[in-house]
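Read-outs: derived from the displayed coordinates by stated rules, not from any lab. These numbers come from a predicted model, not from an experiment. As a convention, Cβ positions derive from the backbone with ideal geometry for all residues, glycine included, and neighbour counts pool all protein chains shown.
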Amino acid sequence: MALDSKIPAGEMKEKWNDYKGHVKLVNPANKRKLEVIVIGTGLAGASAAAALGEMGYQVKAFCFQDSPRRAHSIAAQGGINAAKNYQNDGDSVFRLFYDTVKGGDYRAREGNVHRLAEVSAAIIDQCVAQGVPFAREYGGLLSNRSFGGTQVQRTFYAAGQTGQQLLLGAYSALERQVALGNVTMYSRHEMLDVVMIDGKARGIIARDLVNGKLERHFGHAVLLCSGGYGNVFYLSTNAMGSNVTAAWKAHKKGAFFGNPCFTQIHPTCIPVSGDHQSKLTLMSESLRNDGRIWVPKQANDSRKATDIPEEERDYYLERRYPAFGNLVPRDVASRAAKERCDAGFGVGTTKMAVYLDFADAIKRYGKIEAGKSGNHSPAEADVIAMGKKVVAEKYGNLFEMYEKITGENPYELPMRIYPAVHYTMGGLWVDYELQTTVPGLYALGEANFSDHGANRLGASALMQGLADGYFVIPYTLGNYLADEIRTAAINTDHPAFADAEKAVNDRINQLMNIKGNESVESFHKRLGKIMWDKCGMARNAQGLTQAIAEIQRLKKEFWSNVKIPGDKNEMNTELDKAGRVADFIELGELMCIDALNRNESCGGHFREESQTEDGEAKRDDDNYSYVAAWEYKGDSSWELNKEPLEFEIVKPTQRSYK
Amino acid sequence: MEHYHMNLTLKVWRQKNSQASGNFDTHSVKNISSEMSFLEMFDVLNEQLIESGKEPIAFDHDCREGICGACSMYIDGQPHGPWQKNTTCQLHMRAFKDGDTIVVEPWRSKAFPVIKDLVVDRGAFDRIIQAGGYISVNTGNAVDANALPIDKKKADDAFDAASCIGCGACVATCKNGSAMLFVSAKVSQLALLPQGEPERQSRVLNMVAQMDKEGFGNCTNTYACEAECPKGISVANIARMNREYLGASLGSED
Amino acid sequence: MTWKQLFTSSLGKKFTMAFTGFFLILFLIVHVTINACIFLNDGGQTYNTVAHFMSHNWIVRFLEIGLFAGLILHIIQGLVLWKQNRDARPIKYYSNKPEKNSTWYSRSMGLLGTLLLLFLVMHLSHFYVGTKVALYGGDQPHNLYNEMRETFSYWWIVAAYIIGVIALFWHLMHGFQSAFQSLGLNHKRYRPIIQAAGLGYTVIICVLFILMPLAFYFNWLA
């Protein structure tokens, strides 16, 4: 099937304006008759549901959590990018666009990225108007900081809780629409299938997670804002409930899956402490602004960090990448950490960690503070005390979190960090309008594949989620719904709904009737281990081939030996998990197939077969400058469709941060 | 940090559904690492229950990094357990020692009915927000973000109030089951910002009316909520809400 | 605020508690000041004069009605709050450690208030009734000082008064600053001042009150 990305013709910077100027509109009276289903209430979902509700559509929003406010966008810490150029440091829409395409290692679609950069400024305006308390300077204006992969300060933030504040802003807008009756909220509900009628998405089957009942919901369009699938690795920084199920059901109903192997491994996470570990905790990338990353120069050095003298420390990022130093993009920083640890320079009990050290920053800030108060020859202890105060103001909540988890005081000892799965750039393939290959079915935010290429820059996920929800879908959805105004709401007695519900019910029964011996959790852990070992930070053909076979075996075992206690007609968290893990297993296989197919290194996808002499990722633009969009063809069977990537503006070169 | 292992006895509230009456079950877990989080210890217990053919204990949890506000256990007589400024998911087992018996109960409040085991329905919080916890600005209506400078102190105070995660520990710990800390945090955040000004009066009146309707108790200023709040939200916010309410209701024409 | 809101909303109830509480706090200043006249050691002359003025001045008697109205409102609202707050948690915790997060007396205002109410019944029957009987019953000037001397000659009455004042002490320890909080007067800079003033007020009032029965019982006065 030929994929039509529907990128508007014309000059790059006019595309979105032209599109908006010519797109079909739905008049207000007709909007009231049109129903839209939104799955997920993170930044993308909550903002889309709120914006569409404001426009007058009848929206039904679903989330599996007990409240829409708990979606995992809330855990994003560092910030949100916007091309505001408030710092007068040369930022512009073009630079944000350029940085994002380059940061994504030339595997993103230029048109989408440019639009993202264009609407970024409006997001900040909208959030401030909603009462989002961004950090401010003493003059009352907004404060910015820098983030990995860029050389300007364009990141807006609210201490280490930017995601929380943005999500609560979108959540409040959503609740306002609920109060006005434009949005109906279904919390503790999980979408278990898309209902197709005459080739279009026309509704969903959802399960009420409190009483286990299956429900049918009609919609003229269905929006999947269900987040990423990092939990396929079992251990990730995602929330425990984050899952691929909604996207996977859509995939099985005909939506192509784009670049599934593109996974972001975030460099600064708290290392694994033991087998009991249920999830990993991110330490915001913003820490790399002030923290310096190092390992001992001597392998297997078991001295305490503070006992290792300055000249015996290897600040390897500063050494290898003098231009960007500790602020190289995430994929680069992660691989560099892995390289040092694999070579025996790791620290901590497991030796799978590197240091992130604030001692210098504390001294630097302390001196500035002393200078401000007119003291130009302050005592060392005073400098440190004042410096700690500044660092606490900037990163206090992160330091506290680190201390709670590890029991170590990061103001005194350097933090130990190690890369962990954090974000998935891959997702459902969508065109410029965010529509999947299924008419009427859209994917927004992390659930789609579109804007970050093979590596996402820090502070861009929040930007994309809100851009899609607030400023893109309100226009592009109208273009589809304008042709649907004659479609009356379809009664859910329609056979398509009955069939879909039966299929969902059959699968649940099948799961419940296995009555095997192994818990869902155990299968999930095993899947995670295969994925992390063979489809993680470094991948090769042999490992991937093995992984595919192992996953297929795991799948068989799962469907014959999984143990789910309890009943399906009640709250049953094991059943919920079982359905999700079953989907993760299938996805894991596709990820390995995609990783195997892409015999090049790009961004977060590092094929050992394709690297430069000094170990950097080596792209193969001649053969792989395309989006791999996989079409589901049946059990363990997919067909590859390629959407060629064309670069009009940013010419692909070997990325260099040296 | 010294690591150690421990054996524990857990006394956990079990309740099949909202209609059923519940009871305590006693379980023992062995060889728990001091490096585990409290919920990871629960994972171990649940795996153990599944293994022996029993139903695992249902509890709310999601992000496990102290920000989503889902986790909600009353552990040994305190919401989120013995550590201050902490959520259940961030409570680590080094807070306990070998041989301890730990009692785990759901939030107890008329407004938070138990759904199953340790899971409660906190929908009341969403309905309070629906009553006015927002600024009525449609998408696309905003002026430039820097058009309106905001006093840093006020912005910081608004941020502190906005850091509420809506977990409900304030209600759970309050001897009166009052939701004033939660409501006042949102009222304060929006009252402190110039963007919140136009709806300032109706917001506080409507949110308080909804709070009362949900069946929460009344504040008697014991300040237990502030002491137990995982985000350390200050009771100064409650005073601010009292002021806002007094001003709004005295000035109101109806 | 509509009248309905004032009496039915959660915040309205807090305001009435705080307003009436303030009124009672002010009343206690007047009460303790007048009673402290006994310590002038003039055989109760000054004290009886002031007491006579207070029971005969029509402005004071008008304010007295307000005082009782405020007291009754304080009691009724207190009871309503107690009931509603108890209902807000139909199932109690099996294990609860409130001492980890709040003071016992802040959690015991209902209990302390009830003790105070019982004390008040006794206190009014001792002194208030006699004053009113004297006011309407005869033309003999009422010697309240002597009445105090007589009442406080029994140890169990002295003991009961001491218990009453202790209840008052803890009630005020929480109530004083709580009233400010309820009225929204919580300011970083003034809060320590309010707390210090509350402590000072409570200690002074209660020490003075407790000295009165003791002074009579142990014959410290002439």
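Taken one residue at a time, the phi angles of the stretch B:67-79 give Karplus couplings (6.51, -1.76, 1.60, θ = phi - 60°) of 10, 7, x, 6, 5, 6, 10, 9, 9, 6, x, 9, x Hz. Gly and Pro are set to x. Taking 14 Å as the straight-line reach from the Cα of A:LYS279, the aspartates and glutamates in range (excluding those fewer than 8 positions away in the same chain) are A:GLU521, B:GLU35, B:GLU40, B:ASP43, B:ASP62, B:GLU65.
For chain A, the longest principal axis of the Cα atoms and the long axis of helix A:93-103 meet at an angle of about 90 degrees. Could you tell me what percent of the DSSP beta bridges with both partners in chain A are antiparallel, to the nearest 5? If I count the DSSP bridges inside chain A, around 70 percent turn out antiparallel. For the stretch C:143-148, 3J(HN,Hα) computed residue by residue from phi via the Karplus equation (6.51, -1.76, 1.60; θ = phi - 60°) reads 9, 5, 4, 5, 4, 4 Hz, glycine and proline entered as x.
Once R0 is set to 45 Å, what does the formula 1/(1 + (r/R0)^6) return for the Cβ-Cβ distance between B:LYS11 and C:GLN195, expressed as a FRET efficiency to the nearest 0.05?
On the way: r = 39 Å, r/R0 = 0.87.
Taking R0 as 45 Å, the efficiency between B:LYS11 and C:GLN195 is 0.70.
Of the beta bridges in the protein assembly as shown, as assigned by DSSP with both residues counted there, near 70 percent are antiparallel. Applied to the stretch C:171-183, the Karplus parametrisation 6.51 cos²θ - 1.76 cosθ + 1.60 on θ = phi - 60° returns per-residue 3J(HN,Hα) values of 4, 6, 3, 8, x, 4, 6, 5, 5, 5, 4, 5, 8 Hz, with x for Gly and Pro. Each of A:VAL504, A:VAL38, A:VAL244 was scored by other Cβ atoms within 10 Å of its Cβ. Listed from fewest to most, they are A:VAL504, A:VAL244, A:VAL38. Around the amide H of B:ILE102, modelled in the peptide plane, lie the amide H atoms of B:THR9, B:LEU10, B:LYS11, all under 5 Å away and 5 or more residues distant in sequence or on another chain. Just list whichever of A:LYS253/A:LYS568; A:LYS213/C:LYS97; A:LYS13/A:LYS618; A:LYS84/A:LYS253 have alpha carbons separated by over 32 Å in the model shown. Violating the 32 Å Cα-Cα cut-off are A:LYS213/C:LYS97; A:LYS84/A:LYS253.
Considering only C:THR8, A:CYS127, C:TRP156, and ranking their Cα positions along the charge dipole of the protein assembly as shown that arises from unit charges at the beta-carbon of Lys, Arg, Asp and Glu, the one farthest toward the positive end is C:TRP156.
Close amide-amide hydrogen proximity is noted between B:SER178 and B:GLY217, each under 5 Å apart and 5 or more residues distant or on a separate chain (H modeled in the peptide plane; Pro and chain starts excluded).
Think of chain B as a dipole: +1 on every Lys or Arg Cβ, -1 on every Asp or Glu Cβ, centred on the Cα centre; then among B:LEU8, B:ALA236, B:SER34, B:ALA236 lies furthest on the positive end.
Just so you know, the Cα atoms of the stretch A:266-421 work out to an Rg and Dmax of 15.7, 52 Å. Under a plain spin-label model, where a point goes 7 Å from the Cα along Cα-to-Cβ, how far apart in nm are A:ASN211 and C:VAL60? Distance between label points: 6.8 nm. Each of the peptides C:113-122, A:131-140 was scored by the mean count of other Cβ atoms within 10 Å over its residues; in descending order, highest first, they stand as A:131-140, C:113-122. If R0 is taken as 35 Å, the Cβ-Cβ distance between A:ALA489 and A:LYS252 corresponds to a FRET efficiency of 0.85. Positive end of the dipole of the protein assembly as shown (Cβ unit charges, origin at the Cα centre): among A:PHE449, A:GLY149, C:LEU24, the Cα lying farthest that way belongs to C:LEU24. A simple packing score, the average count of other Cβ atoms within 10 Å per residue, orders the peptides A:403-409, B:177-183 as B:177-183, A:403-409, with the highest score first. Computed from the C-beta positions of C:VAL207 and C:HIS187 and an R0 of 35 Å, the FRET efficiency is 0.75 to the nearest 0.05. Among the residues of A:564-576, the average count of other protein chain beta-carbon atoms within 10 Å of the residue beta-carbon is 4. The distance from the alpha carbon centre of the stretch B:199-251 to that of the stretch A:601-626 is 57 Å, rounded to a whole number. A straight line joining the Cα centroids of the stretch A:497-534 and the stretch C:80-98 runs 43 Å.
Look at the stretch B:124-132: the mean tally of other chain Cβ atoms within 10 Å of its residues' Cβ atoms is 5.
Let a ≥ b ≥ c be the square roots of the eigenvalues of the Cα gyration tensor of the protein assembly as shown; is it rounded (a/c under 1.5), or, if not, prolate (a/b larger than b/c) or oblate?
It comes out prolate by the Cα gyration axes.
For the peptide A:400-409, the mean number of other protein chain Cβ atoms found within 10 angstrom of a residue's Cβ is 4. Each label point was placed 7 Å from the Cα along the Cα-to-Cβ direction; for A:ALA323 and C:LYS4 their separation is 7.0 nm. The protection proxy used here, the mean number of other Cβ atoms lying within 10 Å of each residue, ranks peptides C:189-200, C:93-104, A:100-111, A:200-211 as follows, highest first: A:100-111, A:200-211, C:93-104, C:189-200.
Filter the cross-link list A:LYS502/A:LYS577; A:LYS563/B:LYS97; B:LYS152/C:LYS13 down to pairs whose alpha-carbon distance in this structure exceeds 28 Å.
Distance filter (> 28 Å) returns A:LYS563/B:LYS97; B:LYS152/C:LYS13.
Close amide H partners of A:ASP314, meaning residues 5 or more places away or on another chain with modelled amide H under 5 Å apart, are A:VAL295, A:LYS297.
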